[in-house]
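The structure under discussion appears below in the form of structure tokens.
The values are calculated or read from the model by the stated rules, or taken from the named source; none is laboratory data. Since the structure is predicted, the reported quantities are computational estimates derived from the model, not experimental observations. When we count neighbours, we look across all protein chains shown, and the Cβ atoms used for this are built from the backbone with ideal geometry, even at glycine. In case anyone asks, the SASA skips ligands and DNA or RNA and just uses the protein heavy atoms, side chains included. Shrake-Rupley method; radii C 1.70, N 1.55, O 1.52, S 1.80 Å.
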Amino acid sequence: MIVLVAIVMVAMLAMAALSVDVAFMHYTRAQLRATTDAASRAGAEAITRTGDEAVARQAVRNLAQRNHVARKPLSYNNDDIVFGRTRKGGDGRWAFAPNEKPFNSARVVGDRTSDSATGAVSLSFGRIFGQGEFEPLITATSAKVGVPKRDFVVVVDRSHSMAFDLTGKDWVYPRGHKGGYCGKPHSANSRWAHLVVAVGEFVDGLADTRDEERLGVVSYASRYRGCAGSYPDASIEVDVTTDTSRASEFMSRRSQIAIPGGTNIHAGIMEGITAISDPSRTRPDAQKIIVTMTDGRHNAGPNPIRAARLAKDRNIMIITVTFSNGADQRRMREIAELTGGQFFHAPSAEDLKRIFRQVADGTIGFVFVE
């Protein structure tokens, strides 16, 4: 019996020792996960706010120093911290592209292997079983979406249907409005009048943010020459500037002129790309965003998907807004998703106003990519 008890006691002590180390390993992994997640968020916040990689790396290290893993502060090599850009794909998933600018993300490798800056984790009883160290490795990628440093170009539809009525007589000019193609849009009842209000809401929204955005305006229709004058397919009406009030001023001025022509969305986006790509007016570290709205369907010029592909190649996001149920929602959604932007549909004037304010406000928050 004494021999049997001795054997059982040895086995029980071995299992107890193993249980202590296993519990310690789980606890260490949880510490490493929490610290790595927090460090990646600190890096994403710092790189988005400052654009300075050195400052962001230090933010990661400062946080790690305040959070111990297995009784040691976590240290990072430069290779353990990678900055890049995160976009939301058409399938709804977030994807991280390392070293792609402008940065809005940080990938941090929490490393407690023997080759790491901090070293492996020592076990209390594991060496009895020939395993004296534990080497956990965890990667976390965080993105700060809704980047506060943003340069915008609003691309507005000035085709003839924007003069149509919104008082229950859709697809006709407002009652008593004699101008037709040659007259200016109604100051209260037309779709254009409600777009003027929505753009004003957008400008007010930018003024309420804590960062200084820049804003330009492009208008488009189709090339026109007739009783209302001569107009190109698209034109830059306001160069990208910190004086966002100029957008509202343009919309008010344009309200006094006829808005004839078809709908050449391709030309509008292409002119928007030109405006947002001007290095003398936009910032290299700012997110470049084109907000494109239409109340109809593309019926002039090349397919606007071609322009969207060019925007994607230049890391320009396109946010699309359709106004009226006759608009081509499918194509505008495709344009937005192709460039990592969002699609909005405004069936009413109030919806249009709300959407423009929502886009201006942005949604600043973190997403964990992995």
Roughly how many nanometres apart are two label points built 7 Å out from the Cα toward the Cβ at Asn62 and Arg223? 5.7
Report the per residue volume, in Å³, of the convex hull enclosing the C-alpha atoms of segment 273-324. 84
Residue span Glu100 to Arg354: 0.36 nm per residue of separation minus Cα-Cα distance leaves a gain in nm of 88.2 nm
To the nearest 10 square angstrom, what accessible area does Lys288 show with a 1.4 Å probe? 30
Let me know the charge dipole size of segment 258-363 about its Cα centre in debye, to the nearest 20, where only the beta-carbon of Lys, Arg (+1) and Asp, Glu (-1) is charged. 140
Given pairs Lys88/Lys288; Lys184/Lys288; Lys101/Lys312 and cut-off 22 Å on Cα-Cα distance, the over-length ones are Lys184/Lys288
Built amide H within the under 5 Å cut-off of Ser222, gap 5+: Gly262, Asn264
Rounded, prolate or oblate: pick one for segment 22-112, where a ≥ b ≥ c are the square roots of the eigenvalues of its C-alpha gyration tensor, a/c under 1.5 means rounded, and failing that, prolate if a/b is larger than b/c, else oblate. oblate
Which distance in Å, rounded to a whole number, links the C-alpha centroids of segment 29-76 and segment 245-289? 40
